[in-house]
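Report on the structure given below.
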Amino acid sequence: MNIRNIVIITASLVCAAFVASCQESIEERCRRECMEYTKTKCPFPYDKYTTIDSLAFDVASHTLIHYYTLKGEADNAGNLQTDKARNALLQELKNSTRTRLYKENGYSFRYIYHSQQNPETVLLDILLKKEDYQ
């Protein structure tokens, strides 16, 4: 081997190592995407009664957490049908292509709905695990 080939091989290895070191883990990607979404799009009025407040990621449990606020007629625990809401969220999650990477890696998805009138009050708290959506 001549010096030129050695330099080319060495440069290629250094570049490959650099690129590999820049790869973020799935956990890092999820955390980053949640922070970016929250910073650029939240709060966002999802519909007449629902506002998306933020997204978060719990690394320890691999759970993507959606925080919402309910207002108007929906801001009443007596008006909420947990089973109906859970089934709707599950169907939406199953059909979602945006969450494919996270579903393939067995992440959980949690949906927490707070009251607008009493922000500390949780009206709904739904957790969907791998065994639910697969």
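Assorted remarks:
- DSSP finds beta bridges in segment 35-129, and of those with both partners inside it, around 65 percent are antiparallel.
- Highest mean first, the peptides 105-115, 78-88 sorted by other C-beta atoms within 10 Å per residue fall in the order 105-115, 78-88.
- Partners for Lys94 among lysines (Cα-Cα distance below 22 Å; same-chain residues under 8 apart left out): Lys84, Lys103, Lys129, Lys130
- With all protein chains modelled, accessible area of Leu55 [1.4 Å, Å²]: 30 Å²
- Contour minus Cα-Cα distance for Asn95 and Leu80 (0.36 nm per residue): 3.1 nm
- Over segment 30-106, Cα pairs under 8 Å with separation of 6+ residues give a relative contact order of 19 percent.
- Once the Cα-Cα distance is subtracted from the 0.36 nm per residue extended length, the Asp125 to Asn87 segment shows a gain of 12.4 nm.
- Annotation: per residue accessible area for segment 18-111 equals 65 Å², rounded to a whole number [probe 1.4 Å, protein chains only].
The values are calculated or read from the model by the stated rules, or taken from the named source; none is laboratory data. Because the structure is a prediction, the values reported are computed rather than measured. Because the Cβ atoms are built from the backbone with ideal geometry, glycine has one as well, and the counts that use them run over all protein chains shown. The protein model used for the area step is the full one, side chains on, heavy atoms only, and it has no ligands, DNA or RNA in it. Shrake-Rupley method; radii C 1.70, N 1.55, O 1.52, S 1.80 Å.
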